[in-house]
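Undergrad: Quick one: structure below, then a few questions.
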Amino acid sequence: MIQHACFADTLLDAAKEVFETMIFMDLQLCSEPGRRVDGEALMATITFSNSIEGCLAVCTDTTCAEAIAINMLGLEAGADLSVEEVSDAIGEVANMVMGSIKSRLTDTYEGIQVSIPSVVRGRELVNSLGEKSGRVSVQVNLEDAHLMEISLLYRESAK
Amino acid sequence: MAKSLLIVDDSATMRKIVIRTVRMSGLDFDRTEEAGNGAEAIEKLKQSPVDIVLCDVNMPEMNGIDMVKKVRAELPTCANTKIIMVSTESSQDLIDSILREGANGYITKPFTPERFQEKLSPFMN
Ligand SMILES: [Mg+2]
């Protein structure tokens, strides 16, 4: 079983890799751990299963989500994007972060299967997996401005 | 000679990123098409085969593995089409099984233009 603290490092390293190589945004650990995303937010979740099961969530406010989508699409700052375009971009961020986590955990947890991402929009969004699950989360700043929360709910599966 | 390319991914954002990365890698395609899943890709390939397909694995409707199987089994006009998978799936067992089904290469996400250059240039002549 992987240690809690180790999962937090894995989350951070995976997110850094994705944001540096694919999105071209600087990502640093937030100086105020535990800070929550406020206002209207988008949360992309992706579930995984096999020897370990759970859910990865990436949550950020709509302004940050738009900035991410603009960078991913290579558009000019302030470009007009549809709700679908922004949701799709955030879903793909979760997909790539999950992929990177998966390859980092492959020695401990082989053959993790992942779902297709889903994205919801709302306020004070939280995800839960019920009893006996572990939760680790990291808060990061993008480009020294935006706050993003990446969380992983997990439990060792019964099978 | 310039080549034709089909990009298959359920994320429109990812398709744009793939297009940009191909451009950054310096590879030259004179025709680039997009499809949102394996089934759409099969329809496009039936109408006009391409030289190279860059294909995601996890997609709704028809995933990338089923697409490879179908192209190899049912589309003789695509016998020379090279299919390179582009996916967050990184397990060696899965990669081996997709290659056995007839894919010609595998690129894991996140990726770089250098990786595209390395994996695609053998098929550009
Ligand atoms: Mg996909």
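Undergrad: Can you find, within the stretch A:111-132, the residue that is nearest to the ligand (Cβ to nearest atom) among those that are open to solvent by 40 Å² or more (accessible area, probe 1.4 Å) and more than 15 Å from A:Ala44 (Cβ to Cβ)?
TA: Narrowing the stretch A:111-132 to residues open to solvent by 40 Å² or more (accessible area, probe 1.4 Å): A:113, A:116, A:118-121, A:123-124, A:126, A:128-132.
Pick out the ones that are also more than 15 Å from A:Ala44 (Cβ to Cβ) and you get A:113, A:123-124, A:128-132.
Values: A:Gln113: 13, A:Arg123: 28, A:Glu124: 28, A:Ser128: 25, A:Leu129: 23, A:Gly130: 27, A:Glu131: 31, A:Lys132: 30 Å.
Here the residue is A:Gln113.
Undergrad: If you don't mind, another one. Scan B:Asp66, B:Asp9, B:Asp51 and give me the residue that is open to solvent by less than 40 Å² (accessible area, probe 1.4 Å), modelled with pLDDT of 95 or more and of a type in the set (D, E, K, R). Steps first, answer last, please.
TA: Numbers: B:Asp66 fails: open to solvent by less than 40 Å² (accessible area, probe 1.4 Å); B:Asp51 fails: open to solvent by less than 40 Å² (accessible area, probe 1.4 Å).
Unique residue meeting the criteria: B:Asp9.
Undergrad: Just one of A:Ser137, A:Ser151 is within 12 Å of the chain's Cα centre (by Cα), of a type outside the set (A, V, I, L, M, F, W, C) and closer than 30 Å to B:Glu61 by Cβ; which is it? Don't jump to the end; show me each part of the working.
TA: Details: A:Ser137 fails: closer than 30 Å to B:Glu61 by Cβ.
Every option except A:Ser151 fails the conditions.
Undergrad: Got a number for residues in the stretch B:63-91 being within 12 Å of another protein chain (Cβ to nearest Cβ) and under 17 Å from B:Asp9 (Cα atoms)? If you could, list the steps in order and put the result at the bottom.
TA: Within the stretch B:63-91, the subset within 12 Å of another protein chain (Cβ to nearest Cβ) is B:63, B:86-91.
Next cut, under 17 Å from B:Asp9 (Cα atoms) only: B:63, B:86-90.
Summing the residues that are within 12 Å of another protein chain (Cβ to nearest Cβ) and under 17 Å from B:Asp9 (Cα atoms) in the stretch B:63-91 gives 6.
Undergrad: Right, next: Cβ-Cβ below 6 Å, separation at least six or inter-chain, first residue in the stretch B:51-69 and more than 12 Å from the ligand (Cβ to nearest atom), second among the basic types (Lys, Arg) and at pLDDT 95 or above: which pairs?
TA: That search, which allows pairs on different chains as well, returns B:Ile52/B:Lys82.
Undergrad: Also, quick follow-up: If B:Leu94 satisfies all but one of (1) within 15 Å of the ligand (Cβ to nearest atom); (2) more than 14 Å from every other protein chain (Cβ to nearest Cβ), what's the number of the condition it fails?
TA: Condition (2) is where B:Leu94 drops out.
Undergrad: Taking the condition within 11 Å of the chain's Cα centre (by Cα), more than 16 Å from the ligand (Cβ to nearest atom) and open to solvent by 10 Å² or more (accessible area, probe 1.4 Å), does B:Asp30 pass? Lay out the reasoning, then the answer.
TA: Details: within 11 Å of the chain's Cα centre (by Cα): no; more than 16 Å from the ligand (Cβ to nearest atom): yes; open to solvent by 10 Å² or more (accessible area, probe 1.4 Å): yes.
Answer is no for this residue.
Undergrad: With respect to B:Pro60, is the statement that it is within 30 Å of A:Val83 (Cα to Cα), open to solvent by 50 Å² or more (accessible area, probe 1.4 Å) and within 12 Å of chain A (Cβ to nearest Cβ) true?
TA: Yes, satisfied.
Undergrad: Right, next: Hey, can you tell me all the residues within the stretch B:75-125 that are touching a helix residue (DSSP H, G or I) at 6+ places or on another chain (Cβ under 8 Å), charged (D, E, K, R) and part of a helix (DSSP H, G or I)?
TA: Correct list: B:Glu101 only.
The values are calculated or read from the model by the stated rules, or taken from the named source; none is laboratory data. These numbers were taken from a predicted model, which means no experiment stands behind them. For neighbour counting, all protein chains shown are included, and Cβ atoms are generated from backbone atoms with ideal geometry for every residue, glycine included. The area values use the complete protein model at the heavy-atom level, side chains included, leaving out ligands, DNA and RNA. Shrake-Rupley method; radii C 1.70, N 1.55, O 1.52, S 1.80 Å.
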